[in-house]
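Just so it is clear, none of the values below were taken in a lab; they were calculated from the coordinates. Note that the structure is a prediction, hence the values are computed from the model and not measured. Cβ atoms come from the backbone with ideal geometry, glycine included; neighbour counts cover every protein chain shown.
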Amino acid sequence: MQMSDSRQIGAPQDVVWAAILNPDVLKECVPGCTEMSGSAEEGFEATVVQKVGPVKATFKGQVTLSDMDAPNKVTLSGEGKGGAAGFAKGGAVVTLAPGENGGTLLTYEVEANVGGKLAQLGSRIIDGFAKKMADQFFTNFQQAVEGPSDEANAEAGDGGEGKKKGWFKRLVS
């Protein structure tokens, strides 16, 4: 299963690059992630709990970063084993380029594969789940870097007064 998309992130390219390499930011962004440790140089170890159709599993695995061209491009590759549920593996090529208004254009190409009981669910369920996971990760990533949108603050009813800071703003304040 393959997919690609892009997002405009309201932060400078070097800030977005630093966020991609930060295990705390990645843990916050991966849906269902309960643990994330390691470093960009040595790779990360992660524990993710997910329910795919009727199958709920805890995946333990590794994420490695390769083909790093700071701050322009990186390849993230991961593989997780979910016990009796099977395994999931995949990767994403993430490209960063200068975007609008001093922001960053993040483009990604994702490839995912599953095996074991998960593979028996059928491609429609798996493809839909993989797309949802990728979309959720990059939405979470964008919010972690930028902070919540003005609409999210309006929905919270605080008028922006108690605005939650994004990853970068928390770092520098």
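Below is a table of values for the structure above.
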| item | result |
| --- | --- |
| Top of VAL55, VAL114, VAL15 by mean-square fluctuation, Gaussian network on the chain, Cα under 10 Å | VAL55 |
| Rounded D (µm²/s) - the chain, Kirkwood Rh over Cα pairs, Stokes-Einstein at 20 °C, 1.002 mPa s | 127 µm²/s |
| Under the Karplus curve 6.51 cos²θ - 1.76 cosθ + 1.60, θ = phi - 60°, whole-Hz ³J(HN,Hα) for the range 7-21, x wherever Gly or Pro sits | 9, 8, 10, x, 7, x, 4, 5, 6, 4, 4, 4, 5, 4, 8 |
| Residues in the range 1-32 reached by a label modelled at LEU105 [backbone nitrogen below 15 Å; 7 Å Cα→Cβ] | 5-11, 13 |
| Where labels lie 7 Å past Cα in the beta-carbon direction, separation of LYS131 and ALA70 in nm | 3.7 nm |
| Cβ-based charge dipole, the chain, positive-most Cα from ALA46, ILE125, VAL30 | ILE125 |
| Peptides 123-133, 20-30 ordered by average Cβ neighbours within 10 Å, highest first | 20-30, 123-133 |
| Lys, Arg +1 and Asp, Glu -1 on Cβ, resulting dipole of the chain about Cα centre, debye, nearest 20 | 700 debye |
| Charge dipole (the range 1-100, unit charges on Cβ, about Cα centre) - positive-most of VAL16, PHE59, GLY99 | PHE59 |
| Sites ASP14 and GLU42 - FRET efficiency at Förster radius 22 Å, r taken between beta-carbons, to 0.05 | 0.50 |
